[in-house]
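Written out below as structure tokens is the structure these notes cover.
The values are calculated or read from the model by the stated rules, or taken from the named source; none is laboratory data. All values derive from a computational prediction rather than experimental measurement. Counting neighbours? That spans all protein chains shown, and the Cβs are built from the backbone with ideal geometry, glycine included. All accessible areas refer to the heavy atoms of the entire protein, side chains included, with ligands and DNA or RNA removed. Shrake-Rupley method; radii C 1.70, N 1.55, O 1.52, S 1.80 Å.
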Amino acid sequence: MLHPRRRLNPVHKSPAPAPSLSTLRELRESGHVHRSVKAEIRENLLARLRAGEPRFPGIVGFDETVLPHLERALIAGHDLVLLGERGQGKTRLIRTVIGLLDEWTPVVAGCEINDHPYAPVCARCRGLADDEIRVAWKHRSERYGEKLATPDTSVGDLIGDVDPIKIAEGRTLGDPETVHYGLVPRTNRGVFSVNELPDLAERIQVSLLNVLEERDIQVRGYNLRLPLDLLLIASANPEDYTNRGRIITPLKDRFGAEVRTHYPKTIEDELVLIRQEVIPDIGADVPEHLVEIIARFTRLVRESTAVDTRSGVSARFSIAATETAAASAVRRAALTGEENAVTRVCDLPGIVHTLRGKVEFEVSEEGREVEVLAHLLRRATAETFRNTLGGLELAPLLEKFSEGAQIESGELVPATELLRRIGRVDGLAKIMSRIGMGEGDESPGHAAAALEFTLEGLYLMRRLSKDDIAGGAVYRT
């Protein structure tokens, strides 16, 4: 069972307390060694590899494909680009890299760009005597910067600009302290991410060249030699990240590695991803066979010739579909007074209408979006039925229809009422076991979910007929 209340996301432990060292002398006497960001990441990654510890928690399906390439790039000390369609976990993967930094690192207290006390680079910190340098400590979670590239992003946003307030206070234009630093310098000694890099205007891409090649910045003609210490990771769609796309060739050449991501390659990875990401507090149980239907549905949508493969189908599609189906069960429970909300097959059609905006169709399919998705959902349900209940003897249930029974179900039919309409079914326990229901899944809601799935599967296998009615369906011989 997938219980949204038992989310399988990695547990975030509280950070260890920061060191109490507060002066440069104390820091030196402690034996602290200054390392660059890339050296930090390299050494911590190698330590985890040797110990067999997780390196990128929460990342699913990349162990044998993406992660080896990423690890080689990090060990080599390369800035890198993650290339992949939307919803392949690029941003999530980038954010896990900060877990390879030291938990705490010393900085010069009050420095805008996180100078290391041993090697200050900004004008303010270089002007301090050793006994004037106070040490503060930054947690690794504070050493990450991120910018979603948009056409209106400016050089000032990323690199910096002259601060008119500092000019008004009496400083001259030639004074380096009149510069207001942008996001990149403020992430000095950390990891900075530019999402959808090709969406930056060309002149903004040019401003990143010096950061990558010379490790310095230029602001409005200021002759600033500011050697930044950071790891720069960008993400991009492969179609845009080409010479014919929206990326300038010199910038592309500055990245040391390009790593391709992908959607989950197996149904098992798709299932793990859904279980991990569904929000925990919707309040409905989602049986395993429903999760499998949604996972197969997502894969069929990705493979469909009616869908624009260049845009992809995000992993968020299956996650949102599961949450929408669970919400439908909660709504039914609220309207009908059910004690426990359990998601059923009747809750799935609603996802077709609410999620079609997440899929970009080919022009030739315009106006048929709902029809295409509904067809793929039926295929996913049939595949799941064959995978779980294929070969199981279902004669006791079919006999009810041979006697002329007609069973109406729907999104507002409570579980107890559906069970009353179906009556006693020999072999129900075996059906529930085959679709992944075990101890603790013996409520009327779970039994109704198992039987309704069986009825739908028998219809899709053409062993029953079904008449669609408003808000539900009638199964008959």
Worksheet, complete the sentence: When the range 446-461 is checked residue by residue, the ones that are hydroxyl-bearing (Ser, Thr, Tyr) and open to solvent by 10 Å² or more (accessible area, probe 1.4 Å) are Tyr459
Practice prompt. Six or more apart or on different chains, Cβ under 6 Å: which pairs go from a residue in the range 460-477 that's under 19 Å from Pro396 (Cβ atoms) and touching a residue at least 60 places away in the same chain (Cβ under 8 Å) to one that's of a type in the set (Phe, Trp, Tyr) and surrounded by 14 or more Cβ atoms within 10 Å (Cβ to Cβ)? Could you list them?
Written response: Leu464/Tyr475; Thr477/Phe401
Worksheet item: What pairs can you find where one residue is in the range 348-362 and assigned by the TED database to the domain that holds Thr381, the other is part of a loop (DSSP other than H, G, I, E, B) and at pLDDT below 90, and their Cβ atoms are less than 7 Å apart, with a gap of 6+ or different chains?
Response: Glu360/Asp308; Glu360/Ser311; Phe361/Asp308; Glu362/Asp308
Worksheet item: Among the candidates Glu338, Glu383, which residue alone is surrounded by 15 or more Cβ atoms within 10 Å (Cβ to Cβ) and assigned to a loop (DSSP other than H, G, I, E, B)?
Response: Glu338
Worksheet item: Pairs under 6 Å by beta carbon, first residue farther than 9 Å from Leu83 by Cβ in the range 228-243, partner assigned to a strand (DSSP E or B) and hydroxyl-bearing (Ser, Thr, Tyr), six or more apart or different chains?
Response: Ile233/Ser193
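So, of the residues in the range 140-166 that are among the charged types (D, E, K, R), outside any loop (DSSP other than H, G, I, E, B) and touching a His at 6+ places or on another chain (Cβ under 9 Å), which turns out to be surrounded by the most Cβ atoms within 10 Å (Cβ to Cβ)?
My answer is Asp161.
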Worksheet, complete the sentence: Apart from one, (1) buried (at least 22 other Cβ atoms within 10 Å of the Cβ); (2) farther than 25 Å from Gly367 by Cβ all hold for Asp281; the odd one out is (1)
Worksheet entry | Among (1) outside any strand (DSSP E or B); (2) under 23 Å from Leu197 (Cα atoms); (3) modelled with pLDDT of 95 or more - the single one Leu82 does not satisfy | (1)
Worksheet item: Within the range 88-103, can one find any residue that is of a type in the set (D, E, K, R), open to solvent by less than 40 Å² (accessible area, probe 1.4 Å), assigned by the TED database to the domain that holds Ala234 and more than 25 Å from the chain's Cα centre (by Cα)?
Response: no
Item to complete: Identify, from the list Leu300, Leu290, the residue that is modelled with pLDDT of 95 or more, surrounded by fewer than 23 Cβ atoms within 10 Å (Cβ to Cβ) and within 22 Å of the chain's Cα centre (by Cα).
Response: Leu300
Worksheet item: Any idea which residue in the range 433-445 is most open to solvent (accessible area, probe 1.4 Å), counting only those that are assigned to a helix (DSSP H, G or I) and more than 13 Å from Ala415 (Cβ to Cβ)?
Response: Arg434
Worksheet item: Does the range 358-371 contain any residue that is open to solvent by 40 Å² or more (accessible area, probe 1.4 Å), within 25 Å of the chain's Cα centre (by Cα) and farther than 16 Å from Val286 by Cβ?
Response: yes
Worksheet entry | Selection from the range 310-330 of residues that are open to solvent by 10 Å² or more (accessible area, probe 1.4 Å) and free of Cβ contacts under 8 Å to residues at least 40 places away in the same chain | Ala320, Thr324
